[in-house]
1. Working out 0.36 nm times the residue gap between residue 92 and residue 487, then minus their Cα-Cα distance, what length gain in nm do you get to one decimal?
2. Provide 159, 496, 29, 324 in ascending order of the number of other Cβ atoms located within 10 Å of each residue's Cβ, fewest first.
3. Can you give the FRET efficiency to the nearest 0.05 for residue 273 and residue 305, using r as the Cβ-Cβ distance and R₀ = 45 Å?
4. Under the 0.36 nm per residue contour assumption, what length would be gained going from the current alpha-carbon distance of residue 38 and residue 248 to full extension?
5. What ranking of 12, 259 emerges when the number of other C-beta atoms within 10 Å of each C-beta is taken as an exposure proxy, fewest first?
6. What is the fewest-to-most order of 322, 465 by other Cβ atoms lying within 10 Å of their Cβ?
7. For the pair residue 332 and residue 428, what calculated FRET efficiency results from E = 1/(1 + (r/R0)^6), where r is the Cβ-Cβ distance and R0 = 30 Å, to the nearest 0.05?
8. Can you give the extra length, in nm with one decimal, that the chain gains between residue 403 and residue 204 once fully stretched, where that is 0.36 nm per residue apart less the Cα-Cα distance?
């Protein structure tokens, strides 16, 4: 037992030390602080205007978080994908004389720590921003967190440790959970679309007996409402059902026989996770662990000579993909475009073209995009044997990524621009803007790798890349902003696009040296 405690503690400490040396950690931390600050400021403004409704606003936020957190955890545990097993568990923990149930609980500590942080933030925000009594927030934090973690512990043991589940049940139960979650999400989207996202609609939704009757999620919502608003007939049955569920799950987990039947599956998951981690570290976007990617049949007719063959080979690879050149960034762009349509009325005094310009800047600056196929080209020795110029090799290696970025930019720009009835030229300029900014990111990455690949470590190169990337783009944003403020707002688009074209061209010429000799990889 002491060895398991030591391993859990050292794993967390080592991960923290490793995260401190990663530049992206500070970037994410800054983004989180920015969002928390915006959330707190917005909540404070709303709470001042709606003093009587402030507790209901807070409960609405807690309700939405509960639906997301409890739903995703329940689905992940039912699929046996909610716990992160490492290869160290396979070699050192599983063979040790420790109860299989205890191993499950300690492996889930990271999940519980995340819930602890969320509940702590909610308690502080509820007291400081929404002006809810401090003693209620203390009870909310202690009782709500304890009940949720207790239920999670029991569910982890039941789903992972139960060796009586049939193969059919294990295969179909996650699908049933997913269908229920999708139905609930669809209902929420339909409800807020029909009734608008307002304080009255949120309160009406929370008071709905139908929502509080949803097993597990609805019962948890009723239980939290009982803590924050006191006893009332509307949510007492759901709160009672939640407490009964917690005690029943704990009783079943304690009485259930578990001999470590999940060890073999956990060991396979550990190997699959290593492969998943290595792929994502190389820049390949992968979301599923342990599942083989399905490819479609495709063919292509090669045309042209020299480096053009690189482009056609990449087209062939993308044709084998399920969604061709569409990826997760396409979905992000669609979501950003839809959200932008909803927030546009908040900026009535600002021209729609400038709002869309800022949305595209936000999408490009705060998303890293994807590595794509071009990153693999640098590792292929055949690239350096093609009888063509380095610049053409660079161009045809990254051309498909430019097309992908153009499509992603078009999704967000067309959705928002069409809804706002913007001129077509502003929509086209926003598409070019996003494409050029992503091109600058690609060329900066290649240039940094070319100049410092064998001199600096990954952390230093990452810091340098971020510094160069945001410095170059920041200068263009500053020029465009000054021109828009002091001359004419219509100059914002052409100035920034001309600047981006010049910078992208210069960086492309400099980065093309990376495609000349293979020795730079060493």
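1. Working: separation 395, 0.36 × 395 = 142.20 nm, distance 6.78 nm.
Between residue 92 and residue 487, full extension yields an extra 135.4 nm.
2. Details: 159 23, 496 26, 29 11, 324 14.
So the ranking, lowest neighbour count to highest, is 29, 324, 159, 496.
3. Details: r = 43 Å, r/R0 = 0.96.
Working from the Cβ atoms, E equals 0.55.
4. Numbers: separation 210, 0.36 × 210 = 75.60 nm, distance 4.04 nm.
Length difference between fully extended and current span is 71.6 nm.
5. Numbers: 12 13, 259 10.
So the ranking, lowest neighbour count to highest, is 259, 12.
6. Neighbour counts put them in this order, fewest first: 322, 465.
7. Numbers: r = 21 Å, r/R0 = 0.70.
Computed FRET efficiency for residue 428 and residue 332: 0.90.
8. Details: separation 199, 0.36 × 199 = 71.64 nm, distance 4.55 nm.
Result for the pair: 67.1 nm of gain on full extension.
Every number in this text was worked out from the coordinates using simple rules, so none of it is lab data. Since the model is a prediction, treat every value here as computed from it, not as a measurement. FYI the Cβ positions are ideal-geometry reconstructions off the backbone, even for glycines, and counts take in every protein chain you see.
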